[in-house]
C-alpha cells in the first residue's frame, strides 16, 4: 500500500508514551484499555471475543491477517475490540476458507486498525508499566488533548461491561444429535465455541441474560449451570454474583474466565487486577488434581486472590506455572468448579478441553446422587 | 519427576562426518546434550568420527572417542567404558541407526545398556514406514495412499493402484537418499531400483503424489510425565515435492488459521504419544491440500533434527539441551527457561518476528548435475534470517546466503529472459527459483499466475510482489527527483532492502547510501529473541536487527555499563552458511575463539547467520547477533557494540572478504593485519615475497585478460594450474594440460573471480603435498602440525586424505618445511593462525600457498595433538604470547592420525567421482591408531568405505601409473585377493608375474567389470583416470561403485594407503582409545620446553 492511502495515526497511552503508525481504513478516534495478545494465530476469534469489549488489542505477532477471515471462525456476531494494532496487516490473504481480507472485514465493521507500529516496544512498555488506557487517533496528535480525553474515560477497574455484551433475551443453542443434558448458561459475553462444545457433548444450552434470576434459571430445570467468560471488572457484576451464590448447592456449576472470578466472589474471595493480564495461547497451567500440565488459551485482566479464599469452602485446583496465579477453583462440598483460562480455546490449544467432560461427569454424578 | 539416580554413565553417539542431509546441526545438538548431562553430574562418553566438531572437544565429555561409527567399534567402546545408558536421539539418523543396530545385534543387552529417550520399538515404529502408517491411522489421522514393495516386480505391480506421478521413499535411509518422484513407468523403474538398493532393509514405499500440497513441520517435545509441547511450527515456501532441507522455510507457519493449526497440533500430540517417544524432541511433517484443507501426515523423526536445530534458533528454545535433561528423568515443568529465568520450559514459545531459512546449494561445483530440486536433499548448508516481516527476513536471508545477490535483487535483467524459460524455472523447483518469482512478476505475470505455475502459496508470491512494488516506487522516485525521501528510505530498510541493493537502484555507492541514512537517523535497531514475545523480561542476549523505534541492544548495553562499568569486548565474525570449502571447521574455530576469550575475561560477541552451528547457540558467546555477514550488517553491530577488537580470521573466506572494508571503516581488526592477509593472498605480491626469501615456488604468473593468461601459461609450460584469486575451496580451479582446454575454461574463471586476477602456476606432477598449521605471535612461531597428503599434489587439500605426523617425509625435508613456516610467519608478521601448503618433489620443497587464517585442518590438528589451536591463537590475538603457553612437540606423537574426506557424489547423479583441484568434499573423518596402516583403515571405515579383507579387486590404471601398479597388485595378491584388470593393466601385471583375470571395460564383452560389480564379485576398485577423453570410459563403473557402496580408489597413492590399511586390518586387532587417554600419555612423556624460537 503506498502512502497516499495510509493515514497517519498515533497511539497515545495514559502515561504519556506515544507510538506512531497508520490506519488501514477507518479513521477518527477510538479509546480503550491497551492490552497485548501473544497468540500467533486466531486473530478473527480474538476480534469477535466479547471479553475484549472496551479494549484495544495489540498483537505481538507482527504479521496479522495472513489467512483473511471466514464465516466460521467467529466467537460472537460482531467485532468487540475497540481498536486493533499490529506491525503489518496482510493485504493478500491466503487460505482455502477465506472469504475476505482482514482489512475489508475491519473496514466494513468500522474498526480502527493501526499498523506500522513497533509493537514489540509497545508490548515491552505495557509489560513494565501495565495495561492502561490508550487512544488511537488520526485527527488529534496533541498529547495534552489526547491525555484529557483519556482522563475522561472510565477505568477498567470498576467497569461493568457485561451489560454491553450480554444477550438481551434468552436463547437456546441446540445439542448436536439427541439432547442428553440441559445446561443453563449465564451470558456475560459468552464465546460461541463454548456453546459448540456443549452441543457436541449432547447439551442443549439455554443462554440467559446476565440479569436472569435464580428463579428464571431453575424454572427450566437445568442439569447444570454454566458461568461464561466476559469483559470488565468482575467485582461490579453484583447481580450475577448473587445469582451464583444462590445456585451453589442447587446445581452443578462450571465457570470459565469471568465466570471463575464471579464464582470466587460468590464464595467470598476477592479479585484483583493483574498488571498486564494474560492474553495469549501458550500459558502452562498445572491441573493440581490430575497432575497434568496443559498449554492453555488465556485472556484475563483480573484474577481471584487465593489468599482471600476461605480454605474451608473452596480450593485452588489449577495454577499458572509462569506466575503462579490461580487458574481454577473448586467448591469443597458441592459440585461447583471454575477455570480462569479458556478450555474452549478458540483460539489456542485444546489441551484443557477435558474440563468440559469433567463438568458433564459432575452432572452425571449429581444425577445419580439425586 | 526428578533426575534419575540409577544412571551414572551415559554414552552419546554423534552424527559422523558432514554429509548432505546431516550437517553441523548435530554438533550443535550433541554439544548441548554433553553440556547438559555433565551439568547434571553424569559421566559422559562421546563417540563421533568427525574431528571438526565441538562435541569431540575433550572438555565436553569425560571420555571422547573419535572412532568409526559402526557396531563393531561401538562395542569396543561399550566394553571399555561400560555405560549404563545410551542416548541415541541426538546424533541424527546416523546415531539413531547405529543405536538400532547395537540393539538388534544384542550388544546393548549384553552389556546392560539402556536406551534413553526412545527405545528400540519406538524408533522402529516411527522409522518403519508400514508401522508408522498403521500408527497414524490408528489415532484417526490421514496419510497419502501408499503401498510397500521389496523388489522391482512387487513395485511395478503396486504402482498400478497408486498411479503416476508417485513418490518412492526407501525405508531407513539418510535425508531421503535414494528417493524420488516418478512421472512414468520408465522413471519409476529406475527410482524404485535405486530406492530398494539404498534402503537398509530393502524396502520402499510407493505413495500417492501429494506434490504441490502445502508442507508444514511441527517440533514437538514430550517428557516422562506425558506433557507435550509444540516448540515451533514451520511452513515450507516450496510446496511438497522439494525436500524440506532444500526448501525455503518460514517460522512460524503463516497461512494456517488457528483452527487448522490446532488440528495439526492435536495430531502431533496424538502421534508422539502413539509412537511412544518417551522423552525428547520429535519432528512431524504434514501436508495440507491448498484447496480443501485435507491434512495428511508425511513422516516423523523421533529425534532431534535439522529442523529442531532451526526451531531452537528460531525461537530461542534449546530443544537438544532440554531433550537431554528430559532423557534423564526431568519433566518439562522442572526445567527452567534460561531466557526468562522465571518461567518453566513447559510452555510453547511465541515469537514476534518472522524467520526465513534459505538453503545454500553448490551446484556450481558439479556442473554435470542439474540444479533441479526434488525429494532428495541437495543443499549443503543454510542461512537463517530474522526480521519483523517476511519481506525483511527474506531479503536479509538472501544477503546472508552469500551467493552474490544483494537481497531479492536484479542480478539478471528480466527483459532478457525468455518467457518460456521463466515458466520452466517456475514450474520446475530449482536452486534459484525465488529470483524467478520476481522476474516473472517483473515481466508482467500476475501474482495468481506465478502462484499457479510454481504452486507456491499466493501469500508468498504477493509478499514478493510487495517487495517489487516498493522497488518500483524507489526507482520512480529516483527518476523523478533524484533523491529518496526519508520516509521512502525508511520503508525500504523496513522491507529488508540492503544498502547495496539501494545503491544499485539509485546509482550511488553503498557507502553513500549508508551515510545518507545515518544522516537521516535511519539506523538498524536490535530486538531480542526471547521465546515469549516480550511478555516476560528476558536475560539471554540473542539479537537480530530490524528497522524499528526501540533498540534493545543499546538499552541493555547502557544498563550494563551503568551496572558493571566498561568491559573489553571482542567480536568474532562467523562463517555464514555451510558450503563445500567452508563448513564446520571454521565454526569450530569461531567457537573456540569465543570460549578462550571469555576465559581471558573479555566479553565476546558472535555474528553469524548459520542456524546449524554451535556458534549461533546463545550459550556460546556473551552476545549473539544473528545477522548476515555483510559489511552493512556487521557495521550495524559494530555501531552498537563498539568492540575493542574484531576477529576475521576464523570464519573462513566470508569474514576475510570483509576485512579490508571493515578496516577502512575504522573497525579494529585484531591478529594478523589486513595488509599481511592481502600480501599472502595477492599472488603478485606474494610471489615477489617468496623470491625475496629465496624459497622455492612453482613458476607462476598472474594475468587479468585472456591473452595475458594464454601467454603466461605458454611461457611457464603446461601442465598449469589455473585459478582465480580470493576464492576458497578451489572454486573453478583446474589443472590444464594444453592451450585449447585453457581457452575453453577462461570464461568461467573470469566470471568467478569478478575482476580479481587469474593465477597461473606450474603444476608439479607427482609431487607430495604437505599442509602445515602453525600459530605465531608476531615474534615466535609454533608449528602445530605437519600433515602429509596421501594423494599427490593436484587434488584439493580439502579432498585429500592426510596423515599426521608425516610418515614418509625425510627429517631434512621436515626441517626445511619448519624453517619455511617460521620464516613465512615472521615475514608476514602473523599474529594468530597460519596454514601453508607445500609440495615436495624429491628433496625440494615448494611453497604452494600461505593462508594467514584458520584453516580447514585446524580442528583435525587440534584433535590429533591435543593443542587447541584456535583457542591459543585467539588468546594470542588478544595479547598473549606463545611463551605464555606450554605447548607440546607435535612431531613426537606416539600414534598416527589420518584425516579422510567424505564426498557427496551419491547425491548428484551424473557427476563423476574423480578428484581434482576443485574441492568437492562436504566433511571429514579421522582415524587414530598406533600405526599408519590401521589408522588409515579406520579412517576408511569412518568414511563409510570400509576396505575389504577378502575378495576381489578390479584394477585399471592410466599409463603413468602402470609403472608402479605392480607393487600394489603384488601385495594384494599376497594378501589373498583375486585380481581383475583391464587388458592394458593386466598386461603390465602379467609381465611382472602376477596372476590376473582380464575383465573388460563396462561396455565390452560378457565378463565386464560392471557385471562383476553388480554380482557383488568385486570388493574394491582401483581406477586412476587418464586424460579427459578416456575418463568417461570408467565413469559408469565408478557411478555403479557408489551405488553398490564398493570402495573406489582413484589415485595410486590412495591405493598404496589402502593396501597398507588392508594389511593392517587383517593382521592387527583394532583398538579404541579415548582422546583424554591419548593426551595424558602425550602430556606425560612429550611435553617439551619451549624453544627460544618457539618453532617447536
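In which sequence would B:618, A:272, B:543 go, from the one with the fewest C-beta neighbours within 10 Å to the one with the most?
A:272, B:618, B:543
Please compute, for peptide A:111-123, the average count of beta-carbon atoms on other protein chains lying within 10 Å of each residue's beta-carbon.
Partner Cβ neighbours, averaged per residue: 4.
Given labels modelled 7 Å from the Cα in the Cβ direction, how far is it in nm from residue B:5 to residue B:443?
7.1 nm
Could you calculate the FRET efficiency of residue A:171 with residue B:550 from 1/(1 + (r/R0)^6), where r is the beta carbon distance between them and R0 is 41 Å, rounded to 0.05?
With R0 = 41 Å, the Cβ-Cβ based efficiency is 0.30.
I'd like the per residue volume of the convex hull spanned by the Cα atoms of the protein assembly as shown, given in cubic angstrom.
Taking only Cα atoms, the protein assembly as shown has a hull volume of 180 Å³ per residue.
Under the definition of partner shielding as Cβ atoms of other protein chains within 10 Å of a residue Cβ, what is the mean value for peptide B:349-358?
4
Need one number for the stretch A:291-361: average projected area of the convex hull over its C-alpha atoms, nm².
The directionally averaged projection comes out at 5.2 nm².
Compute the Rg to Rh ratio over the stretch A:3-151 from the alpha carbon atoms, using the Kirkwood formula for Rh, and round to two decimal places.
0.95
Enumerate the residues in the stretch B:645-670 having an amide nitrogen under 17 Å from the point lying 7 Å beyond the Cα of residue B:511 toward its Cβ.
Flagged as within label range: B:658-668.
Treat the count of other C-beta atoms within 10 Å as a stand-in for reagent exposure and order B:532, B:589 from fewest to most.
Neighbour counts put them in this order, fewest first: B:532, B:589.
Between residue B:291 and residue A:148, what is the spin-label point distance in nm, taking each point 7 Å from the Cα along the Cα→C-beta axis?
Output for this residue pair reads 6.1 nm.
With an 8 Å cut-off on Cα pairs and a minimum separation of 6 or more residues, tell me the relative contact order of the stretch A:1-81 in percent.
27 percent
Using a Förster distance of 60 angstrom, determine the FRET efficiency expected from the C-beta separation of residue A:216 and residue B:336, and round it to 0.05.
0.75
Find the relative contact order for chain B and round it to a whole percent, using C-alpha pairs within less than 8 Å whose residues are 6+ positions apart.
After rounding, I find 10 percent.
Fewest Cβ neighbours within 10 Å first, please rank B:571, B:733 accordingly.
With the fewest neighbours first, B:571, B:733 line up as B:733, B:571.
Once both labels are modelled 7 Å past Cα along the beta-carbon direction, what's the residue B:843-residue B:138 spacing in nm?
7.5 nm
Ranked from highest to lowest mean number of other Cβ atoms within 10 Å per residue, what is the order of the peptides B:645-658, B:58-71?
Packing order, densest peptide first, comes out as B:645-658, B:58-71.
Where does helix A:143-152 land angle-wise versus the long Cα axis of chain A, in degrees 0 to 90, nearest 10?
20 degrees
Can you list, bin by bin at 20 Å, the percent of alpha carbon pairs in chain A, starting at 0?
30, 56, 13, 0
Which residues in the stretch B:428-445 have a backbone N closer than 14 Å to a point placed 7 Å from the Cα of residue B:187 along the Cα-to-Cβ line?
So the set is B:428-430.
Can you give the relative contact order of the stretch A:162-369 as a percent, counting alpha carbon pairs under 8 Å and 6+ residues apart?
18 percent
Given the -39500 (n - 2.57) contribution per DSSP H run of 4+ residues, what per-residue ellipticity at 222 nm results for chain B, rounded to the nearest 500 deg cm²/dmol?
Only helices count here, giving -12000 deg cm²/dmol.
Evaluate E = 1/(1 + (r/R0)^6) for residue A:140 and residue A:307, where r is the Cβ-Cβ distance and R0 equals 45 Å; express this FRET efficiency to the nearest 0.05.
0.55
How would you classify chain B from its alpha-carbon gyration tensor, with a ≥ b ≥ c the square roots of the eigenvalues: rounded for a/c under 1.5, else prolate if a/b is greater than b/c, otherwise oblate?
rounded
Taking beta carbons within 10 Å but only from partner chains, what does the mean come to for residues A:313-322?
For peptide A:313-322, the averaged partner shielding equals 2.
Just subtract the alpha-carbon distance of residue B:568 and residue B:684 from 0.36 nm times their residue separation and send over the number in nm, one decimal.
The span from residue B:568 to residue B:684 would gain 38.0 nm if fully extended.
Please report the antiparallel percentage of DSSP beta bridges with both residues in the protein assembly as shown, rounded to the nearest 5.
65 percent
Shape verdict for the stretch B:321-474, please, from the Cα gyration tensor: rounded (a/c under 1.5), prolate (a/b greater than b/c) or oblate.
Prolate shape, in that a/c is at least 1.5 and a/b is the bigger ratio.
Please label the shape of the stretch A:162-369 as rounded, prolate or oblate, based on the square roots a ≥ b ≥ c of the eigenvalues of the alpha-carbon gyration tensor (a/c under 1.5 means rounded; beyond that, a/b larger than b/c means prolate, else oblate).
rounded
With each run of n ≥ 4 DSSP H residues scored as -39500 (n - 2.57), what mean residue ellipticity at 222 nm is computed for chain A after dividing by its residue count and rounding to the nearest 500 deg cm²/dmol?
-6500 deg cm²/dmol, from helical runs alone.
Applying a 10 Å radius around every beta-carbon, put A:121-134, A:343-356, B:499-512, B:687-700 in order of their mean neighbour count, most first.
A:343-356, A:121-134, B:499-512, B:687-700
Only the coordinates and a few stated rules stand behind these numbers; no lab work does. Predicted model, so just to flag it, every value in this text is computed and none were measured. When we count neighbours, we look across all protein chains shown, and the Cβ atoms used for this are built from the backbone with ideal geometry, even at glycine.
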